[in-house]
Amino acid sequence: MSESEAFPEHIAIIMDGNRRWAKKRFLPAIAGHKKGVDAVKNAVNAADELGVKYLTLYSFSTENWDREQEEIGALMKLLIYALKKEIAELHGKNCRLRVIGFREHAAPEVAALFVDAEELTKDNDGLQLNIAFNYGGKQDILQATKKIAAKLAAGEISEDDINEQMMDDELLTYEVTDPDLVIRTSGEIRVSNFLTWQTAYSEFIFLDAYWPEFNKQTMVDAIAEYASRQRRIGK
């Protein structure tokens with residue numbers, strides 16, 4: 001790889017292991033989620049300092065609604081707290097925040113905070129932080145396919161017009177390059193419906209550490225591992 005190729009422009013992270021981190025310490029699950037918020041700040045600061053252009057964090061999947069209502073309620077309160085507390089600092093660092101997902105299912109207060117954060121930071125040209133909230137890769141592909149099918153039915157496009165770029169343009173990540181590197185914590189080795197289309201040629205690193213243990217050194221080590229690999233992308 002060239003020097004530019006050896007450094008990932010876009011890093012995506014599946015933040016896993018908050019509950020297991022807490023259980024290991026005989027703490028309630030919400031304690032793990034609170035510690036996980038600190039790890040989010042560590043990851044964002046590290047990405048910003050290291051010069052990463054895009055950082056996408058899988059914060060809440062479409063399947064996470066199946067958890068106990070008490071835990072979901074606590075998670076939403078924690079999300080509200082984190083957004084209110086951190087958005088000014090993100091803005092001060094010239095970071096742009098975008099929310100990727102089906103936000104129509106978010107509580108009104110959460111949805112309003114998303115809009116406010118995006119509006120406040122929309123002109124920033126530093127690190128772009130993408131929060132994948134109520135996101136699912138299969139659902140993303142499905143909604144993009146429906147949009148393309150509607151255009152085809154309306155006669156706006158022909159079948160020959162349909163290509164990979166058109167799909168890219170209709171996905172929820174339409175403003176973002178595909179991830180170069182995907183990191184998953186907690187020892188699980190699967191993608192869990194995360195950026196299914198977009199990660200077709202991403203490099204994956206699976207870490208045994210739980211998400212609350214993530215820090216700048218974790219990010220540095222992951223980037224070093226990425227740089228040591230040869231990305232052929234089918235060649």
TODO: Pairs only if they're at least six apart or on different chains, beta carbon under 6 angstrom, first in region 160-179 and under 22 Å from Leu55 (Cβ atoms), second surrounded by 13 or more Cβ atoms within 10 Å (Cβ to Cβ) and of a type in the set (S, T, N, Q); list them, first residue then second.
DONE: Thr173/Gln198; Asp178/Gln198; Pro179/Thr199; Pro179/Ser202
Task: Criterion violated by Lys85 - all others in (1) modelled with pLDDT of 95 or more; (2) under 15 Å from Glu109 (Cα atoms) satisfied - done: (1)
Task: Residues of region 176-214 classified as surrounded by 15 or more Cβ atoms within 10 Å (Cβ to Cβ), small (Gly, Ala, Ser) and more than 30 Å from Pro28 (Cβ to Cβ), total - done: 1
- [ ] Please work out if Thr173 is crowded, with 16+ Cβ neighbours inside 10 Å, β-branched (Val, Ile, Thr), closer than 22 Å to Ser61 by Cβ and in contact with a Leu (Cβ under 9 Å, 6 or more places away or on another chain).
- [x] yes
TODO: Looking at (1) among the acidic types (Asp, Glu); (2) loosely packed, with under 11 Cβ neighbours inside 10 Å; (3) in contact (Cβ under 8 Å) with a residue 24 or more places away in the chain; (4) part of a helix (DSSP H, G or I), find the lone condition where Asp125 falls short.
DONE: (4)
Open item on the list: For region 160-216, give me each residue that is more than 16 Å from the chain's Cα centre (by Cα) and of a type in the set (Val, Ile, Thr).
Closed with: Ile162, Ile189
TODO: For Met15, state whether it is among the hydrophobic types (A, V, I, L, M, F, W, C) and modelled with pLDDT under 90.
DONE: no
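The values are calculated or read from the model by the stated rules, or taken from the named source; none is laboratory data. All of these numbers come straight from a predicted model, not from anything done at the bench. Positions of Cβ are generated from backbone atoms using ideal geometry, with glycine treated the same way; all protein chains shown enter the neighbour counts.
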